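What follows is a short report on a single structure.
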Amino acid sequence: MRGAKRIAEIARGAGPNDLVICLISGGASALLPLPAEGISLADKQATTKALLACGADIHELNTVRKHLSAIKGGQLARLASPATVITLVLSDVIGDDLEVIGSGPTVPDTSTFAETLDILRRYRLLKRVPKTVRERIGRGAAGGIEETPKPGDPIFSRVRNVIVGNNRIAIDAAVRTARVLGYRTTVLSTMIEGEAREVARVHAAIARQIRLRGQPMKPPACIISGGETTVTLRGQGLGGRNQEFVLAAARDISGLPNTVILSAGSDGTDGPTDAAGAIADGRTIARAAEIGLNVPDSLANNDSYHFFEPLGDLLRTGPTGTNVMDVQVVLVG
């Protein structure tokens, strides 16, 4: 928060002959916190946790964040005006929506306080978020607080936002590598989203179809996808969306020979864990049973980390220094 305050001071001090260069990557929403007047950092943290726990997607999450912030949703550009602003962006958002990446600090914001209020109502969070948050959103929806700057605002006439890295670039690189390794390779999608365990079952079904029918391609086959799933928390376990993805897929590929599924976060971190994701093959379920682990219990408790850790099947890369969402790989040898 101190860093965000300093950034705001630098932007506020820029004049018409100055050039402000912003570097925005995934994680900027969390790492650039400057709560709006009357909102504490703890208030924002509590609201974010509540939204994540109920399965809100990144668009909904960042709509709320922007309306609790003094710097996001185009407000950094407002602070820097009338300087020239160039923002270089690493996208961690499906479709590369500039409004959503890092909550769009230099991008016109089309979302409103009214939409923010609707999101909190939809997830039945109005009574669960801090009182200060509830009061600010209500006041803003009633027109009592200035909105974030919108498209057409003259402050954006000297602002340019440029995507310099995204999931598609990462997936294209994975495709090239898989083909060099001799796999017939195709991209399922770079816009994968939805509940992790449900999306995982679709990937597992494709693996079974390749293994048993040779469709949509014969082995050796590599199916690659990217995007960002969500997890609705029901238990008290430890894990992340990528580990839960692989856990759900493991059951459906159980017994298949030479079949492997991986899901990992490109930033090297999956949920509140030290793993980027996990790997499973046709023997994972049998190996887990030998040490008293089973998929239904682990899924019910959202405890994928403690399922894969004793198997040695967590993928640990350490921080990669970038974030372009997640990558899933299905190999059928």
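Every number here is computed from the coordinates shown, using simple stated rules; none is lab data. Just so we're clear, the structure is a prediction, and the values are computed from it rather than from any experiment. Neighbour counts are summed over all protein chains in view; Cβ atoms, including those assigned to glycine, are modelled from backbone coordinates with ideal geometry.
Pull up all non-local amide H partners of Ile279: gap of 5 or more, or a different chain, and H-to-H distance under 5 Å with H placed in the peptide plane.
Here the answer is Leu315, since their amide H atoms fall under 5 Å of that of Ile279.
Which percent of Cα-Cα pairs in the range 114-224 sits in each 5 Å bin, short to long?
Final binned percentages: 2, 9, 11, 10, 11, 9, 10, 10, 9, 9, 7, 3, 0.
On full extension of the chain, what length is gained from His59 through Gln236, given 0.36 nm per residue of separation minus the C-alpha to C-alpha distance? Spell out each step's value before the answer.
Details: separation 177, 0.36 × 177 = 63.72 nm, distance 2.52 nm.
Taking 0.36 nm per residue and subtracting the Cα distance, the gain is 61.2 nm.
Anything in the chain that counts as a DSSP H helix reaching 30 Å or more along its axis (C-alpha) with Kyte-Doolittle mean of at least -0.5? List them, would you?
Taking the DSSP H segments of the chain (at least 30 Å long, mean hydropathy at least -0.5), we get none.
Which residues among the range 229-255 fall inside the zone where the amide N is under 20 Å from a point 7 Å beyond the Cα of Arg208, along Cα→Cβ?
What the label zone holds, given the 20 Å backbone N cut-off, is 244-255.
Just the number, please: percent antiparallel of the DSSP beta bridges in the range 2-165, rounded to the nearest 5. Walk me through the intermediate numbers first.
Working: 1 of 13 bridges.
Given both bridge residues lie in the range 2-165, the antiparallel proportion sits at roughly 10 percent.
Can you figure out the FRET efficiency of Lys131 with Arg12, using R₀ = 51 Å and their beta-carbon distance, to the nearest 0.05? List each step's numbers first, then the result.
Working: r = 30 Å, r/R0 = 0.58.
Once the sixth-power term is evaluated, E becomes 0.95.
How far, in nm, would the chain grow between Thr317 and Met1 when pulled straight, counting 0.36 nm per residue and subtracting the alpha carbon separation? Before the final figure, lay out the partial values.
Working: separation 316, 0.36 × 316 = 113.76 nm, distance 2.79 nm.
The Thr317-Met1 span can extend by a further 111.0 nm.
Dividing the alpha-carbon Rg of the range 188-333 by 2.2 N^0.38 Å yields what? Each step should come with its number before you reach the end.
On the way: Rg = 14.0 Å, N = 146, 2.2 N^0.38 = 14.6 Å.
For the range 188-333, the normalised Cα radius of gyration comes out at 0.96.
Please give every one of the lysines within straight-line cross-link reach of Lys131, meaning a C-alpha to C-alpha distance under 19 Å, and leave out same-chain neighbours fewer than 8 residues apart.
Partners found: Lys44, Lys49, Lys66.
Leaving out same-chain residues fewer than 8 places away, which aspartates and glutamates sit with a Cα under 16 Å from that of Lys5?
Excluding near neighbours in sequence, the set is Glu37.
Across the range 2-165, what fraction of all alpha-carbon pairs, as a whole percent, falls in each successive 5 Å bin from zero upward?
It works out to 2, 10, 19, 22, 21, 14, 8, 3, 1, 0, in whole percents.
Extending each Cα 7 Å along its Cβ direction at Arg179 and Leu23, get the distance between those two points in nm, one decimal.
Between Arg179 and Leu23, the label points sit 3.2 nm apart.
With a Cα-only, solvent-free Debye model of the chain, what are the log10 I(q)/I(0) values at q = 0.11, 0.13 Å⁻¹?
Computed log10 I(q)/I(0) values: -0.75, -0.97.
Determine which residues of the range 57-73 fall in the zone a paramagnetic label at Asp96 would reach in this model, i.e. backbone nitrogen under 20 Å from the point 7 Å along Cα→Cβ.
Backbone N within reach: 58-59.
Want the number for Gln45 to Arg283: 0.36 nm per residue separation, take away the alpha-carbon distance, what's left? Can you show the working numbers first?
Values: separation 238, 0.36 × 238 = 85.68 nm, distance 4.01 nm.
Going from the current span to full extension adds 81.7 nm.
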